[in-house]
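Each reported figure results from applying straightforward, stated rules to the coordinates on display, with no laboratory input. Keep in mind that this is a model prediction, so the values were computed, not measured. Here Cβ is always computed from backbone atoms with ideal geometry, including for glycine, and neighbour counts include all displayed protein chains.
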Amino acid sequence: MDSGYIPSFCTACYREGRTGDRFMALCKVGQIQNCCHPNALLTLQEYLQDYASPETRKVGEALIDREIQNVPDPKRREKALEYLDKIRNGERDFRF
């Protein structure tokens with residue numbers, strides 16, 4: 001995370017049935033960024049809340065705050081911000 005990489009614990013596509021042709025259709029048109037990027041940030045926030053040291057949490061949350069601005073679709077970005085707030089308040093299992 002110090003180098004700007006986002007660790008992802010995401011299993012959303014598998015859980016939503018976005019595999020094979022469904023996954024590739026999103027990839028080919030670039031729409032997967034509106035799923036993968038916010039999902040990576042959401043799962044990272046869950047990890048930080050549940051398992052990270054205070055130092056790791058600080059680094060991770062700074063990364064999330066920067067990277068959330070790179071979610072291409074404004075509606076998805078706003079929904080991801082809403083989900084991040086809910087995760088920080090103890091809720092879990094949000095995904096796109």
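At 20 Å minimum axial length over the Cα atoms and a Kyte-Doolittle cut of -1.0, report the qualifying DSSP H helices in the chain, or say none. Walk me through the numbers before you get to the answer.
Values: long enough: 33-51 (26 Å, -0.56); 74-88 (21 Å, -1.65).
Those that clear 20 Å and a mean of -1.0 are 33-51.
Between Tyr51 and Glu82, what is the label-point separation in nm under the 7 Å Cα-to-beta-carbon projection?
2.9 nm
Cut-off under 29 Å on the C-alpha distance; same-chain residues fewer than 8 positions from Lys28 excluded. Which lysines are left, in chain and number order?
In chain and number order, the partners are Lys75, Lys79.
Calculate for the chain the 222 nm mean residue ellipticity that helices alone would give, adding -39,500 (n - 2.57) per DSSP H run of length 4 or more and normalising by residue count, nearest 500 deg cm²/dmol.
-20000 deg cm²/dmol
Among 78-86, 39-47, how do they line up by average Cβ neighbours within 10 Å per residue, starting with the highest? Before the final figure, lay out the partial values.
Numbers: 78-86: 16.2, 39-47: 22.0.
Per-residue Cβ counts within 10 Å, averaged per peptide and sorted highest first, yield 39-47, 78-86.
How would you rank Ser53, Ser3, going from fewest to most other Cβ atoms within 10 Å of each one's own Cβ? Walk me through the numbers before you get to the answer.
Working: Ser53 9, Ser3 5.
Sorted ascending by nearby Cβ count, the order is Ser3, Ser53.
Excluding same-chain residues fewer than 8 positions from Lys58, which aspartates and glutamates have a Cα within less than 19 Å of its Cα?
Asp2, Glu46, Asp50, Glu67, Asp85
Output the relative contact order of the chain, whole-number percent, from Cα pairs under 8 angstrom with separation of 6+ residues. Kindly include the intermediate steps, with their values, before the conclusion.
Details: 83 pairs, mean separation 34.5, N = 96.
Across the chain, relative contact order equals 36 percent.
On the first, second and third principal axes, largest extent first, how far apart are the outermost C-alpha atoms of the chain in Å?
Its Cα atoms span 41, 23, 23 Å along the three principal axes.
Give me the Kirkwood hydrodynamic radius of the stretch 30-78 in Å, from all C-alpha pairs, to one decimal place?
Details: mean 1/r = 0.0894 Å⁻¹.
Mean inverse Cα-Cα distance, inverted, gives 11.2 Å.
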